[in-house]
1. Scan chain A and note any complete DSSP helix (H) whose C-alpha atoms cover at least 20 Å along its axis and whose Kyte-Doolittle average is 1.6 or more.
2. Could you tell me, in Å, what Rg and Dmax come out for the Cα atoms of the protein assembly as shown?
3. Counting just the Cα atoms, what span does the stretch A:224-371 cover along each of its three principal axes? Round to the nearest Å and put the largest first.
4. At what distance in angstrom do the alpha carbon centres of the stretch A:28-42 and the stretch B:71-85 lie from each other?
5. With label points built 7 Å along Cα→Cβ from the Cα atoms of residue B:12 and residue B:106, find their separation and express it in nm.
6. Using the Cα centre of the protein assembly as shown as origin and beta-carbon charges of +1 (Lys, Arg) and -1 (Asp, Glu), tell me which of A:64, A:594, A:470 is placed farthest towards the positive end of the dipole.
7. Taking a point 7 angstrom from the Cα of residue A:396 along the C-beta vector, which residues in the stretch A:510-554 have backbone N less than 20 Å away?
8. Cα extents of the stretch A:339-439 along the three principal axes, largest first, in whole Å?
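Just so it is clear, none of the values below were taken in a lab; they were calculated from the coordinates. Keep in mind it's a predicted model, so treat the numbers as computed, not measured. Cβ placement follows ideal geometry from the backbone for every residue including glycine, while neighbour counts extend to all protein chains displayed.
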Amino acid sequence: MTPSFADLGTAALRAALPLAIWGIGAAAYAAAKRDGRALASARWAALITFLLVASAALAMVGALVTHDFSVAYVAKNNALETPPFFTVISLWAALEGSILLWTAILAGATAYVAWRGTPALPRLGTTALAVLFTMVTFFLLLVTTPAADPFVRSEIVPLNGNGPNPLLQNHPLMGLHPPLLYLGYVLFSVPFAYAIASLILGEGGDRWLVATRRFALVSWALLGVGIVAGAWWSYAVLGWGGYWAWDPVENAAIMPWLVATAYLHSVMVEEKRRLLRSWNLSLVIATFALTILGTFLTRSGVVNSVHAFTQSAIGPLLLGYLVAIVVLSVGLLLWRMPTLRDAGAVGAPLSREAIFLFQNVVFVAATLTVLLGTLYPLIAEALSGAQLSIGRPYFDRVEVPLALALLFLMGIGPQLPWHGASRATLERQFTAPIVASAGGALLAVATGLGGAFAVLTYALAAFVAATVVQEFARGIRARRTLHGESAGTAFANLLRRSGRRYGGYVVHLGIVLVAVAVATSQSKTVEIERTVRAGDRFDVAGYTVSFNGLRDVKEPQRDLLVGDLAITGNGADERLRPALVFYPHATQAVGSPGISAGLRDDLYTILIAYDTSAQTWATIRVLVIPLVSWLWLGGAVVGLGAVIAALPQPKRREALRPLAEAPATVGD
Amino acid sequence: MGARRVLLIAVLAAAVLIGFVAVQNLASSAVYYLTPTEARERGVAAGTAARLGGQVETGSLRYDPQTRDLRFVLTDGTTRVTVIGTGAPPALLREGAGAVVEGTFAPDGTFRATAVIAKHDEQYAPPSPGTTPSHRVP
């Protein structure tokens, strides 16, 4: 009998576990004794572990594609009719597969550090490798025990499986959003491992931070783009016309992203000024702990959420892991605190480092307040037994002002020099942006945007956008004068040669797009609901919606009841098909909105209810949501900026170094 | 030294302010999750935001597509509450099935729902009759 994919997967995971445990010891020994043979053995252990776990993940894909319902995971999350694309991505449609993917990514990062990280920094890298092996071991323990064994066999092999959760097979974004988030979550393990290694070794310096800067940036960007992709999925699938609900799992994703954003900025303070050393270590530990907390919250069933998979034995294990991480990391940090002296102190309130400090405080406050709102129901239940939830008003009222404060700091921070600014500098940097912000406020008022927060958002967005344009204009002008380049070449060279700085500005521009999209869509959405019969038409915000009746559509894996709409007006001439989708194993129909997307606004239609007896009428809800597509666009711009910032920069010639970095070499 | 102190005070002031705003809003945004029986026993005041979980009583669901009046009885097996809302119910809000409604009690004891929550989730389990609805899946 030939072994099945599941047999191969189980065998691969069982083989990987002892290798990872071996890796911990080998890497730790290699780091302590500077032993080359132990290091070589740890490296091979890392590579083979990765190959084994990756094969296990591929084996799961194989089991899914061959519809091997003798595997319980396949029987639960796949059916013969499931389209191939959704069959493959069912790898991450439920708990066990997600943890398997997580383990594979983590093993990949570990192998990368083993082969590329340890030669660069032998002791630090090898110690970090031991830390990473420990994490891999934990996750391998999950997937080789009933806690999250993806290859558990079915007790009775069904003829057909249940198919994926209806919501997870409704949109191609499911192929993008979860893996991006997992990549972002997991890749942050690398900066964390280096930070812990640095603490274990008592290095006290900044080498861990410099070595993992790019990892942190890439993981931050993947997490950010993954969050936006998730918002887009929610918008395109859930049929409520919104994209963010402060659902516990959304909070779980945004919290590490917020702390990581703070970290990416305070890193610069440490690099330039050798300040905030213990603070940066704390931020890395917090970011990593929050990724595990998020996984625990959403995967253990502790918090009620649309994303929570059913409760499983994994909850207590993740909680134990989280507690161990926090206790050990904080213990290490406190133990090494005496070696983490800053080289000086933050000076003038109007210096770049001071703004970064404020920005960090606001980011941490935003994280803590989100955390409070997310955990408060648990706290209240533990204290008084009352069951309650914290609604959107809390998050909106607390986080919106903080977000505006961040937008403001984002405008002034990059415009201030390190150490402090003179009056002349302030005038030079802020005259144009202040004029622009007045223009932004006027634009908001002129376009009828309601609410002080929306107007303020426009003003601050214009302010930030102006600072970015000003920076690019000055950079291009300088290159044209110095090197005689054309404007286009100068622009490209700014991005290529000073990618970290100008990529950062591109990221800021992306955030501006997101802010404008959120402010506009939240304050100017038009919504109407109509009960209509075939042939009826109605107007909304310049569009005319005609209802042409209901149609039944049969697809192999599902049935749809489609509302046939024709959209005209505002230059549109389109047919939309909002539908109710019925899956054979689902008890509820899933709504599927019909969306006509545009840069100016989206027309969003939902089939709310219908005449179940004779299909003579249907209730249609129509939303006209302005600028919402700018949100996805903004996410893409953030990702693009991060790519520019992460790309290796060509080596500069000494003479072209900025004066602040190497004054002595000028003219040598 | 002066500059440092200014900075420190500013940071502390910001932290205190944010904490104050957060705690203030936490209390006012809490929505209690109750069964109809618990709501009755606690004597939830009219106008207080609450979330009720229960089953839609068989034979009670009425929706008039013309006036958009929605009306049904939510029950936990012990206590019945008439829920009144505006707008079409979620696609398959069915009699006998679980539902969660958000809104406030009117002085006459009916519940004015601002939202009939459509948890499009196969795993979502409404509370069984007579039990306290739980965040946790049992």
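1. Membrane-span-like by this criterion, though nothing is claimed about a membrane: A:36-65, A:122-144, A:314-336, A:629-646.
2. Just the Cα atoms of the protein assembly as shown yield Rg and Dmax of 28.2, 91 Å.
3. Extents along the principal axes: 52, 35, 21 Å.
4. Using only Cα atoms, the two centres lie 68 Å from each other.
5. Going from the residue B:12 label point to the residue B:106 one covers 5.4 nm.
6. A:470
7. A:514-529
8. 60, 49, 13
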